[in-house]
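The values are calculated or read from the model by the stated rules, or taken from the named source; none is laboratory data. Only a predicted model underlies this, so the values are computations on that prediction, with no experimental measurement involved. Note: ideal-geometry Cβ built from the backbone for every residue, glycine included; neighbour counts use all protein chains shown. For the accessible areas, the whole protein counts, side chains as well, though only heavy atoms, and no ligand, DNA or RNA atoms are used. Shrake-Rupley method; radii C 1.70, N 1.55, O 1.52, S 1.80 Å.
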Amino acid sequence: MRDTQTTSVWQGAELDLDAYLGRIGFRGSRDATLATLGRLQHAHTTSIPFENVHAVLGLPLPLDLASVQERLVRHRRGGYCYEHVLLFAAALERLGFDITGISGRITLGAPRITPATHAMLVVRFPDDARAWLCDVGFGSGPTAPIELADGATLEADGWRYRLERHPGALSDTWRMYQYGADGWSDRNTFVLVQQYPVDYRVGSHYVGTHPRSPFVTRLFAQRFTGAEHHQLDGTTWRVLTPDGARVEKEVAPERIGELLADTFDITLTPGELTAVLGAGAG
């Protein structure tokens, strides 16, 4: 799965590490250990929101580290999975973690085959046969790594996840499940094929520009606090909790900007807000 000759592909040396750690409120040991990985993932997933404003507005979304840092760290904006994973990967590489990029398919119970446009990371440690899956860009956790093992389970902040491995024609397919109000439901699948930043740029181009991509038609934002999962789909605001409770309400367009700033920690310029609401209405 891994190209062992390519050990520095995530631009970790170019990361403003202190600024990133400050952005996610991370303090403590920076040693490349499983405990540190868990604290980093928790801090990242509960600090940086998920949003697709650039795609809705039809704006370019460069994925070089300098651009991602500018948006997610210095401007304190959110992003979708590719931005989250590239930023998290740069931090892990800078701290000395052994990481491999992979791609998956968002399923959410859909019977059809979906494109492989979801980025994730696999992390390994010396003298440890285990591997750990880090999914920091989904928008609803997990807040901790899950062991990459058939039947592995994880409970993090009350949310429950499970991995299953299924034989395939060329390679095994892994399936991630999340427990909710309706029980276990599959949320994504993946295979263990190494991906590089250039592969993520190809996927991001499709997600951010193709007319059939759901991300170009309407605003979609998520904020995951651990205790609550907030979703804003157009003007529909949902709040989910680990016990399966779900509250849904429609938000008046004139309240969207306030909701994004106060609940999702996403502050849009007046021009962006007007354009996003106009795109959703169209």
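Arg94 meets the conditions (1) within 30 Å of Pro270 (Cβ to Cβ); (2) in contact with a Leu (Cβ under 6 Å, 6 or more places away or on another chain) in every case but one. The failed one is (1). Of the listed requirements (1) closer than 24 Å to Thr46 by Cβ; (2) at pLDDT 95 or above, Asp243 misses just one: (2).
So how many residues does segment 182-215 have that are surrounded by 18 or more Cβ atoms within 10 Å (Cβ to Cβ) and aliphatic (A, V, I, L, M)? Lay out the reasoning, then the answer.
Within segment 182-215, the subset surrounded by 18 or more Cβ atoms within 10 Å (Cβ to Cβ) is 187-190, 195, 197, 200, 203-204, 207-208, 215.
Applying the additional criterion that residues be aliphatic (A, V, I, L, M) yields 207.
Adding up the residues that qualify gives 1.
Taking every residue in segment 257-272 that is among the small types (Gly, Ala, Ser) and pairing it with any residue that is assigned to a helix (DSSP H, G or I) and open to solvent by 30 Å² or more (accessible area, probe 1.4 Å), at least 6 positions away or on another chain, the pairs with Cβ-Cβ distances below 9 Å are Gly257/Pro270; Gly257/Leu273; Gly257/Leu277. Taking the residues in segment 117-139 that are out of contact with any Leu (no Cβ under 7 Å at 6 or more places or on another chain) and surrounded by fewer than 20 Cβ atoms within 10 Å (Cβ to Cβ) as candidates, determine which candidate is farthest from Ser204 (Cα to Cα). Once the filter is applied, the top-ranked residue is Asp127. Pairs please, first residue from segment 1-28 and closer than 18 Å to Val123 by Cβ and in a helix (DSSP H, G or I), second anywhere and among the acidic types (Asp, Glu) and modelled with pLDDT of 95 or more, Cβ atoms under 8 Å, 6+ apart in sequence or on different chains. Every condition considered, the pairs that remain are Gly12/Glu93. Could you figure out which of (1) touching an Asp or Glu at 6+ places or on another chain (Cβ under 6 Å); (2) at positive phi isn't true of Met120? Met120 satisfies every listed condition except (2). The one condition from (1) open to solvent by 40 Å² or more (accessible area, probe 1.4 Å); (2) in contact with a Leu (Cβ under 9 Å, 6 or more places away or on another chain) that Ala227 does not meet is (2).
Checking Leu154, Leu163, Leu170 one by one, the residue that is aliphatic (A, V, I, L, M), closer than 21 Å to Arg112 by Cβ and either touching a strand residue (DSSP E or B) at 6+ places or on another chain (Cβ under 7 Å) or surrounded by fewer than 16 Cβ atoms within 10 Å (Cβ to Cβ) (or both) is Leu170 and no other.
For segment 29-88, which fully contained helices (runs of 4 or more DSSP H) count at least 2 residues that are surrounded by fewer than 18 Cβ atoms within 10 Å (Cβ to Cβ)? Steps first, please.
On the way: elements: 34-45, 53-57, 65-68.
Because the criterion is at least 2 residues that are surrounded by fewer than 18 Cβ atoms within 10 Å (Cβ to Cβ), the helices (runs of 4 or more DSSP H) in segment 29-88 that meet it are 34-45, 65-68.
Sort out which residues of segment 77-134 are β-branched (Val, Ile, Thr) and over 23 Å from Leu17 (Cβ atoms), and write them in order of number. Of everything in segment 77-134, those that are β-branched (Val, Ile, Thr) and over 23 Å from Leu17 (Cβ atoms) turn out to be Ile102, Ile106, Thr107, Ile113, Thr114, Thr117.
In the condition set (1) on the phi > 0 side of the Ramachandran plot; (2) modelled with pLDDT of 95 or more, Leu260 is compliant with all but (1).
Pairs linking a residue in segment 244-256 that is open to solvent by less than 70 Å² (accessible area, probe 1.4 Å) to a residue that is of a type outside the set (A, V, I, L, M) and not in a loop (DSSP other than H, G, I, E, B), with Cβ atoms under 7 Å and 6 or more positions apart or on different chains, are Gly244/Gly180; Val251/Trp237.
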